[in-house]
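S.K.: Below is one structure. I have some questions about it.
No value in this document is a laboratory result; all are computed from the given coordinates. These numbers come from a predicted model, not from an experiment. Please note: Cβ atoms are built from the backbone with ideal geometry, for glycine as well, and neighbour counts cover all protein chains shown.
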Amino acid sequence: MTAADYVPSLPGATRVWRRDLRVFSKVWKGALLPQFFDPLFYLLAMGFGLGTYLATVNGIPYKQFVGPGLMASAVMWAATFETTWNIFFKMEETRLYDAVLTTPVEVQDLVLGEMFWAATRAVIYGTVFTTVVTLFGLVDSPWAVLAPLFLMLGGACFAMLGLTFTSLIKTMDWYSFYYTLFITPLFLFSGIFYPLDKLPDWVSVIAWFTPLYHLVEITRGLVLGPDALSVVGNAAWLTVVTAALFLIPVRAFRRRLVA
Amino acid sequence: MSAVRGRDLRKSYGRIVAVDGIDFDVPVAACFGFLGPNGAGKTTTMKMIYGLAAVDGGELTVLGLDVSTERRAVKARLGVVPQEQNLDRELTVRENLAVQALYHGLPEDGRIDELLEFALLSARADSRPGQLSGGMKRRLLIARALVNNPELVVLDEPTTGLDPQSRLAVWELLARLREEGVTLIVTTHYMEEAQRICDRLVIMDEGRIVAEGAPPELLERYEEDTLEGVFLQITGHSLRE
């Protein structure tokens, strides 16, 4: 592979994104609803259920602590579904990418376009859930209007992680490892349900290396009143990881699709 | 100038040599056949032409461009009908063509209606690929390959698995493309198909080209009545082995 094989064309990536948008615009009603109930039930069970007994965390009402964390996890789940099962299906079952790659669209455009699409889908889910959090009166800060921007960034990071994993596995069976050993632990241990600051130091150190932790820090900041420096730092972490990973799926998908 | 020119073209998958140093020239506006049994290297050669397999050795120019360095430019000017049915199952027949135009950066204009008519699919424009018969799917694949007005269309076994009537319909489409001056490359393991539609062909076996010429010329040279006989005489084994 030459360096040119890693340089995406923005028009090419946009065309991939527009195809996905076209499909989604036909099925959005059925697709949007189930994934929307998931964080809503967690909010009701944890925030309002558990929150009745557990009044505050670090001085914040518990439901207000959990709400913004679930905004972040909604994005993680949506971007992950899109870039695992859905991408694998298009690659191996319908062989859609074989057809796309006979047009001027190249592998690197495909990776970038699918990342943007998964991030778009994630931001749709995340923003719908942000609206719910707002309607429950859990938002304190006007900075929350910036949430979609950062949800997009978080979605892009989880999309790139999903694309990377998908590009490297041979069969769909590997996804059970991805979900049980990576995504679910992130959901439970990234500070959504309890703060990490009273736990041993090594817990925070591990958390720092995981993407959901940074996204939760951002969304909680935006909803409760942000510390600008912390938002910028966490956003930088997500940006760097997303960009650094890009080369792996481009290389692996090319080997796989253009043998 | 040839539409496609290969010189000492090579491709291996690990230890398996799929294409073992072949030379060929596809004349502009011809219907050029690659004939041979399964595993002869036809599909690999096609994939190298349309950019879905990297060239390991030798030279390959398509429409005057080097495929290894100018892939995007090559792909903008050719159409591909793959062996595998890879239509977009989540879109309708019409949308399949519209999205193909999108991938090429072309507007969704009247050409899509023209192509639906050309492929005899106007009545099925709003069906999903899953609702189409095998012959209709193949015609849709052909229509999809024509969205960008290609100068060259590569068809990998365009009639395999079709009933005689559907096969006839595909041949008719190909004849109309030839009248418009489009260069066609067709792979097939049906000898009678090659004899009927190709004006020039190569016979491949085990990654090499073992004979080349116009069908009548080959019959005369080997003193046979059919290409099947020519193939048997050259390779010592029949096509279906």
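S.K.: Which of B:A18, B:A73, B:A29 ends up with the largest GNM mean-square fluctuation for chain B, with Cα atoms connected below 10 Å?
M.R.: It is B:A73.
S.K.: Also, quick follow-up: Please give me the summed charge of the neighbours of B:E151: other residues whose Cβ is under 14 Å from its Cβ, Lys and Arg +1, Asp and Glu -1.
M.R.: Once positives and negatives cancel, what remains is +2.
S.K.: Counting only DSSP beta bridges with both residues in the protein assembly as shown, tell me the antiparallel percent, nearest 5.
M.R.: For the protein assembly as shown, the DSSP antiparallel bridge percentage is about 55.
S.K.: How are the C-alpha pair distances of the range B:1-158 spread across 5 Å bins, as whole percents from the shortest bin up?
M.R.: Spelled out bin by bin, the range B:1-158 gives 2, 9, 17, 20, 18, 14, 11, 7, 2, 0 percent.
S.K.: In chain A, once you exclude exposed trypsin sites (Lys or Arg not before Pro) (DSSP loop, at most 13 other Cβ within 10 angstrom), what's the longest stretch remaining?
M.R.: Looking at chain A, A:1-169 is the longest stretch - no exposed trypsin sites (Lys or Arg not before Pro) with at most 13 other Cβ atoms within 10 Å.
S.K.: Could you state the orientation-averaged shadow area of the convex hull built on the Cα atoms of the range A:24-67, in nm² to one decimal?
M.R.: Approximately 3.4 nm², given one-decimal rounding.
S.K.: Starting from the range B:191-241, pick out the trypsin sites (Lys or Arg not before Pro) whose DSSP state is loop and whose Cβ has at most 13 other Cβ atoms within 10 Å.
M.R.: Sites meeting the loop and neighbour criteria: B:R240.
S.K.: If you take every DSSP beta bridge whose two residues both sit in the range B:2-235, what share of them, in percent to the nearest 5, is antiparallel?
M.R.: 55
S.K.: Could you estimate the translational diffusion coefficient of chain A from the Stokes-Einstein equation, with Rh from the Kirkwood formula over C-alpha pairs, at 25 °C and 0.890 mPa s, in whole µm²/s?
M.R.: In µm²/s, the coefficient rounds to 130.
S.K.: Which of rounded, prolate or oblate describes the range B:1-43 when judged by the alpha-carbon gyration tensor and an a/c cut-off of 1.5?
M.R.: Oblate.
S.K.: Separate question: Please give the average number of partner chain Cβ atoms lying within 10 Å of the Cβ of each residue in B:104-115, rounded to a whole number. List each step's numbers first, then the result.
M.R.: Numbers: counts 4, 8, 0, 0, 0, 0, 0, 0, 0, 0, 0, 0.
Averaged over the peptide's residues, the number is 1.
S.K.: Placing unit charges on C-beta atoms (Lys and Arg positive, Asp and Glu negative, everything else neutral), compute the dipole magnitude of the range B:2-235 about its Cα centre in debye, rounded to 20.
M.R.: 760
S.K.: Order these by the 10 Å Cβ neighbour count, fewest first: A:F88, A:F48, A:F165.
M.R.: A:F48, A:F88, A:F165
S.K.: From other protein chains only, count the Cβ atoms within 10 Å of every residue's Cβ in B:46-55, then give the mean. It would help to have the intermediate numbers written out before the result.
M.R.: Numbers: counts 0, 4, 0, 0, 3, 6, 8, 2, 5, 0.
Mean inter-chain Cβ contacts per residue within 10 Å come to 3.
S.K.: Quick one: compute the contact order of chain A, relative version, from alpha carbon pairs under 8 angstrom and 6+ residues apart, as a percent.
M.R.: Values: 318 pairs, mean separation 68.6, N = 259.
About 26 percent, as a whole number.
S.K.: Taking only Cα atoms, what is the 0 to 90° angle, nearest 10, from helix A:10-42's long axis to the longest principal axis of chain A?
M.R.: Roughly 30 degrees between the two axes.
S.K.: Relative contact order for the range B:2-235: what percent, with Cα pairs under 8 Å and sequence separation of 6 or more?
M.R.: After rounding, I find 27 percent.
S.K.: OK, next. Could you identify which residue out of B:V202, B:V93, B:V210 has the top mean-square fluctuation in a GNM of chain B using Cα springs shorter than 10 Å?
M.R.: Of B:V202, B:V93, B:V210, the Gaussian network model singles out B:V210 as fluctuating most.
S.K.: Given a 10 angstrom Cα cut-off, can you work out which residue in B:L162, B:L97, B:L152 is the most mobile in a GNM of chain B?
M.R.: Of the options given, B:L162 has the highest mean-square fluctuation.
S.K.: Averaged over peptide A:17-23, how many Cβ atoms belonging to another chain are found within 10 Å of each residue's Cβ?
M.R.: Numbers: counts 0, 3, 9, 1, 0, 7, 6.
The shielding value for this peptide is 4.
S.K.: Only helical DSSP H runs with n ≥ 4 go in: add -39500 (n - 2.57) per run for chain B, normalise by residue count and round the 222 nm mean residue ellipticity to 500 deg cm²/dmol.
M.R.: -10500 deg cm²/dmol
S.K.: Could you tell me how many degrees, from 0 to 90 and to the nearest 10, lie between the Cα long axis of helix A:211-224 and the main elongation axis, the longest principal axis, of the Cα atoms of chain A?
M.R.: 50
S.K.: Would you list, by chain and number, the aspartates and glutamates whose Cα falls below 20 Å from the Cα of A:K90, excluding same-chain residues fewer than 8 positions away?
M.R.: A:D20, A:E82, A:D98, A:E106, A:D109, A:E114, A:D173, B:E84, B:D88, B:E90, B:E95
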